[in-house]
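Just so it is clear, none of the values below were taken in a lab; they were calculated from the coordinates. From a predicted model like this one, the values you see are computed outputs, not experimental measurements. Neighbour counts are summed over all protein chains in view; Cβ atoms, including those assigned to glycine, are modelled from backbone coordinates with ideal geometry.
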């Protein structure tokens, strides 16, 4: 049974002008505001006046290969990106320069996911391709040094052969990988170890890790890890697929198909109003504006003010989880996570 909590915030998510029509696959928060990557090797950023501009539109190797994922160093000063045909590199915010490290170890297949841990100049990298391979890199100054290519899970069920859909680096430096076969792996100094998830349902799309929790987005639900019990609990949260999760302090936001945005604040989930029905693929929750990006170059931002970027006629349909209407009520449990779905279903 759902317990409906009070409305957490009145913030409205609205579409803003985008400098590109290419699909934006990933957005991150930096010391210079949000940056996003997408089709044709596009990197864009949000200026302090709220306008978005193109940084470059031809990829790290100037070959127009699409960029599928991005990650930022812990100090917010380097944006790493990865994508098709082995595209890999970073943009240094302090110098305003792009650096190309495409096809490391001769790997020219599509990189599906990237994760970074540590400060710029001493960061650790994880990058994964569609064959289930993960490459580890370490940076000392500017240049990455690459370790061996590994397949989390090896030949075990749910391991080798499954595509890695998301990577993360935890606060202690451990790496995490989820794949399309419903498995999650953790790596430290001893290699990759499977830590779940038995009898999982849905396609794993994202993994989020911090000192408090591990969350896996799996289609219409989350899986939350309880470290003390080494147990995973499914949490039904949406009627549409969830694609990405991000957190800053006590605020956690998840985005998904049909303009779905879920926001957890004060231990309660709320499904938020969005003025778009576009599939949202990534979200960034930093010290600046909360930003989500998706298909067709769509950018939406959260604001407590009235819609002031695009006239209503240019918004593509008010949406709350893919349907029109107001923001739904919140749900809560003692752990600060949901125990069902905002539509009333249970996981």
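Among 198, 123, a tally of other beta-carbon atoms within 10 Å of each Cβ gives an order, fewest to most, of 198, 123.
Ordered by the number of other Cβ atoms lying within 10 Å of each residue's own Cβ, fewest first, 252, 88 fall into the sequence 252, 88.
Over the stretch 58-209, the Kirkwood radius and the radius of gyration, each from Cα atoms, give a ratio Rg/Rh of 0.96. Could you tell me the center-to-center distance, by alpha carbons, between the stretch 84-144 and the stretch 215-236 in angstrom? Each part reduced to its Cα centre gives a spacing of 28 Å. Computed from the C-beta positions of residue 203 and residue 51, the FRET efficiency with R₀ = 22 Å rounds to 0.05.
Based on the Cβ-Cβ distance of residue 58 and residue 231, what FRET efficiency does E = 1/(1 + (r/R0)^6) give at R0 = 41 Å, to the nearest 0.05? Once the sixth-power term is evaluated, E becomes 0.30.
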